[in-house]
Amino acid sequence: MDRYALIGHPVEHSKSPLIHATFARQTRQELNYQPLLAPLDGFSDTVRMFRAEGGRGANITVPFKIEACSLATRLTERAKLAGAVNTLTFINGDIVGDNTDGIGLVRDLLVNLACPLAGRHVLLLGAGGAARGALFPLFQTKPVSLTIANRTVERAQELRAAFAPHAGQTAFTAGSFKDLGGWEFDVVINATSASLEKQALPLPNNIFAPDAFVYDMMYGAGNTPFLAWAQAAGVTRLSDGLGMLVEQAAESFALWRGVRPKTTLVLNSLRRKLASKG
Ligand code: NDP
């Protein structure tokens, strides 16, 4: 049976094995997908061993996405731009690195949540790996403007410099949270890990255009702290990042198996499971 793995540290609470097992059943693919804990100083050895034992590919999670980028012998354009890899495919002698996080986010917004991005004013909060992975796929949807804001403003500015050549017709600006006063956005995406730390972002609460859509890449049983804050500020269209998780998995599955699984049933079932734990 073809073998795949999720390699990270920690990995035991990941939903990816369940998602990929469901995709495999749905598309009648014979495969095995297991979590694989790598020691913090042993990522590349873990990948090499898994490959030597017949592994066909792997998803990579925290904290190894950047290391996976260096380990890959070939990178897709979007992985090169993201500077991070969440999907490895072992093809003949090559380790091919790709990044499906950004396209997962965009598919969740456009397809699952019916939130158009073309012609909209988009705000991306954060300048870490997730924000970096999202930028290129976001530009491809042709928003009229994309603003990136981060606690450490220099990191937002670095991203602006790196991605400006890929912005196309989109007006692309970078700044700090306090620079956002007086601006309104149609779509606000939180790619910071502040919700993980249960911390509020120091944002003005009048940054939302009428009918704005607010998205938090983090997910959980109920509203994340960021979504709760947006709701208190009057926003009614909200989503967490569970759909992004499922969509990035579907994209990896399609890369490996050549068939794209349907995501709606998996997403609904995960949502019910999360809610029952809440
Ligand atoms: P990184 O560690 O690479 O980046 C963290 C970012 O959050 C930085 O911009 C950092 O700012 C900012 N930040 C952290 N704490 C705070 C705070 N208290 N206040 C303000 N800003 C803060 O993380 P990732 O980019 O990998 O992940 C970001 C989020 O996205 C996480 O919640 C993660 O779970 C989620 N995610 C979800 C995915 C999904 O499939 N749904 C996939 C990937 C990520 P600074 O630069 O100033 O330190």
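The values are calculated or read from the model by the stated rules, or taken from the named source; none is laboratory data. Keep in mind the model is a prediction, meaning the values are calculated, not measured. FYI the Cβ positions are ideal-geometry reconstructions off the backbone, even for glycines, and counts take in every protein chain you see. These area figures cover heavy atoms from the full protein model, side chains too; ligands, DNA and RNA do not enter into them. Shrake-Rupley method; radii C 1.70, N 1.55, O 1.52, S 1.80 Å.
Spacing of the modelled spin labels on A254 and Q169, each 7 Å from Cα toward Cβ, amounts to 2.5 nm.
Free of any GluC sites (Glu not before Pro) that DSSP assigns to a loop and that have at most 11 other C-beta atoms within 10 Å, the longest stretch within the chain is 54-196. Shape class of segment 102-242 from the alpha-carbon gyration tensor: rounded, with the ratio a/c of largest to smallest axis under 1.5.
Angle of helix 153-163 to the longest C-alpha principal axis of the chain, folded into 0 to 90 degrees and rounded to 10: 70°. Measuring nothing but protein heavy atoms, the accessible surface of segment 95-201 at 1.4 Å probe radius is 53 percent carbon and sulfur.
For the pair L274 and A161, a Förster radius of 41 Å applied to the C-beta separation gives a FRET efficiency near 0.60, rounded to the nearest 0.05.
State the extension gain, in nm to one decimal, for the chain segment bounded by A118 and R48, taking 0.36 nm per residue of separation less the distance between their alpha-carbons. Intermediate results must be reported in sequence, preceding the final value.
On the way: separation 70, 0.36 × 70 = 25.20 nm, distance 4.17 nm.
Extra length available between A118 and R48 comes to 21.0 nm.
What the Cβ-Cβ distance of R28 and E197 gives, at R0 = 51 Å and to the nearest 0.05, is a FRET efficiency of 0.75. The spread of Cα positions in the chain, taken along each principal axis and listed from longest to shortest, comes to 57, 42, 32 Å.
Would you mind checking K80/K273; K65/K178; K80/K142 for any pair whose Cα atoms are more than 27 angstrom apart? All intermediate terms of the calculation are to be shown ahead of the outcome.
On the way: K80/K273 35 Å; K65/K178 30 Å; K80/K142 21 Å.
Those over the limit are K80/K273; K65/K178.
For chymotrypsin sites (Phe, Trp or Tyr not before Pro), no site in segment 1-108 is both called loop by DSSP and has at most 13 other Cβ atoms within 10 Å.
Could you give the C-alpha radius of gyration of segment 2-99 expressed as a fraction of 2.2 N^0.38 Å, taking N as the number of residues it contains?
Values: Rg = 12.7 Å, N = 98, 2.2 N^0.38 = 12.6 Å.
Relative to the 2.2 N^0.38 Å estimate, segment 2-99 comes out at 1.01.
Say a site is exposed when it is one of the trypsin sites (Lys or Arg not before Pro), sits in a DSSP loop, and has at most 16 other Cβ atoms within 10 Å; what is then the longest site-free stretch of the chain? Before the final figure, lay out each step's value.
Details: sites that count: R28, R151, K198, K262.
The reported range is 29-150.
Given 4 °C and 1.567 mPa s, how large is the Stokes-Einstein diffusion coefficient of segment 105-170 in µm²/s, with Rh as the Kirkwood radius over Cα pairs?
On the way: Rh = 12.0 Å.
It comes out at roughly 108 µm²/s.
Once the Cα atoms are used to define both axes, helix 43-52 deviates from the longest principal axis of the chain by about 40 degrees.
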